[in-house]
Amino acid sequence: MLRTSSPLQASFRPFEATARHQKQFLAAVSLSKFGDGLTDIALMTLAFSLSNSASLVILVAALKIFGSFFASLIVPGLLRTGHNRILVYRSLDILRAALIVLPIFTGNIWVLLALCVPIFTLEAISLSLSASILQNIASDRDRLALNARFQYMTFAGDLLGRGLGAALLLAAPLQLIFALDAVTFLASALLLAKMPALMLSSTGKKPAEFYAYVFKDRVQQSIIFLRLCALTTLSVFWLLVTYRMTELASLLTGTPLVGAISFTDANQAFSTLYACFTILVSVTTVLGAMAAPKLATTAPLAVQSYFAILACALGLWLLAPTGEAPASFVIYCIGGILSALGTVILRLFIQTSGQILTPKQMLSEVIATADSMSRMWQNACAGFAVLALSINAPLPLIAAASAVTIAGVIPSFRLGARLRSLPT
């Protein structure tokens, strides 16, 4: 039951979060993620076409992570206010639609980088806000299933966006992709136009109190630690992928790939390889998210998380080899599949553990606090990764990231023990 308790919220009626509301919201978020997929491949391709080198593309990929850090400074304030969160989410979609068309008119590298910061920041705010809204429209009975559906629907939207973007790049100008992106965000906002207001009262606690709670509570310590391990894999993995795809694009330009298939220029090679890789990873993630709740009935998510951590570490190491371009691409894809399966199980385990083991009245603020702390770590990982790749040192980066990832076994074991101790 969604309630209003503040005088500022008196004009809004509480509403029961029905299955229709859940489907409506998931569809809107999927549309937004479709737009994110288009945004990602369009901005990466534009960056590569302006510089024809790996450095700018890696920088744009890093700005995507830095945008998450800026978002982490904003999201806690959004969650503590009495605003209608559905309306805030719709407003973000409209703002993103207006902002995403601006790269069409620029041919300057520095203007592009300046635009990437607000674009990626708004994307991260929308994702954090959608996760918070989801927890408040999910009942205890369907929480695990709804979380899994949220993951595979958002990844499916991202997958379709990247796939369509890659297809359009072969025959259409970049301007068309940016325009379609804007229309997608507007459609997402329109889909939520008639959804009832979601007003939640604040606990009245200050941000420092939530940070103190997260730091002192042993359960929250384990959740945060595991989140940091998972985010280390995610941030380093995608920067490494971007680095490898720019290498392969240069090697494959003018060289037959399979039979008579070849790329006439580096831009086409990069956009196609990057899109094919991300589509494969997204499909794997969708299938993994669909299967995880069913597997949880035979093997607990905590047990699955041990294998997920090892899969993430192995996936990072498979990005290490260099050699013949086609063979390297296949190895990278295998690493992508392993990392995708690992991260989706870890994310589901972290979300489920956090919702079950965190007091309901503190859930939204604790999520915002944990998200803020995690984004700071992710930002530091991105900075370290950019530094390592700029000096052409991917192997030390992979070794450090995989070591941090494997350390996630410790908090995973603690959370599993805590979940098993709960009454059934």
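Worth a mention:
- Meets criteria (among the aromatic types (Phe, Trp, Tyr), at pLDDT below 80 and within 28 Å of residue 180 (Cα to Cα)) for residue 48: yes
- Residue that is surrounded by the most Cβ atoms within 10 Å (Cβ to Cβ), among those in segment 119-153 that are among the charged types (D, E, K, R) and more than 30 Å from residue 46 (Cα to Cα): 149
- Picking from residues in segment 215-231 that are free of Cβ contacts under 8 Å to residues at least 60 places away in the same chain and in a helix (DSSP H, G or I), the one that is surrounded by the most Cβ atoms within 10 Å (Cβ to Cβ) is 215.
- Only residues that are free of Cβ contacts under 8 Å to residues at least 40 places away in the same chain and aliphatic (A, V, I, L, M) were counted across segment 378-399, and they come to 6.
- Any chance residue 310 is part of a helix (DSSP H, G or I), over 29 Å from residue 138 (Cβ atoms) and modelled with pLDDT of 85 or more: yes
- From the list 325, 380, 407, 403, the lone residue that is surrounded by fewer than 22 Cβ atoms within 10 Å (Cβ to Cβ) and more than 27 Å from residue 220 (Cα to Cα) is 325.
Per-residue answers, yes or no, for (1) in contact with a helix residue (DSSP H, G or I) (Cβ under 6 Å, 6 or more places away or on another chain); (2) modelled with pLDDT of 85 or more; (3) closer than 29 Å to residue 98 by Cα; (4) basic (Lys, Arg):
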site: 157; (1), (2), (3), (4): yes, no, yes, no
site: 183; (1), (2), (3), (4): no, yes, yes, no
site: 193; (1), (2), (3), (4): no, no, yes, no
site: 212; (1), (2), (3), (4): no, no, no, no
site: 215; (1), (2), (3), (4): no, no, no, no
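- Residue list for segment 60-89, filter: modelled with pLDDT under 80 and under 12 Å from residue 242 (Cα atoms): 61, 62
- Residue list for segment 98-136, filter: within 28 Å of residue 26 (Cβ to Cβ) and either aromatic (Phe, Trp, Tyr) or in contact with a His (Cβ under 7 Å, 6 or more places away or on another chain) (or both): 120
- The condition (being closer than 28 Å to residue 58 by Cα, surrounded by fewer than 17 Cβ atoms within 10 Å (Cβ to Cβ) and within 23 Å of the chain's Cα centre (by Cα)) is satisfied by just one residue among 356, 334, 398: 334.
- Look at segment 27-48: where a residue is farther than 20 Å from residue 249 by Cα and a partner is among the aromatic types (Phe, Trp, Tyr), sitting 6+ places away or on another chain with Cβ atoms under 7 Å, you get 32/185; 35/185.
- The single condition among (1) crowded, with 18+ Cβ neighbours inside 10 Å; (2) under 13 Å from residue 25 (Cα atoms); (3) of a type outside the set (A, V, I, L, M, F, W, C) that residue 194 does not satisfy is (1).
- Residue selected from segment 88-118 under the condition surrounded by fewer than 21 Cβ atoms within 10 Å (Cβ to Cβ) and among the β-branched types (Val, Ile, Thr), by the criterion farthest from residue 22 (Cα to Cα): 109
The values are calculated or read from the model by the stated rules, or taken from the named source; none is laboratory data. All figures in this text were calculated on a predicted structure; none of them were measured in a lab. Using ideal geometry, Cβ is built from the backbone for each residue, glycine included, and neighbour counts are taken over all protein chains shown.
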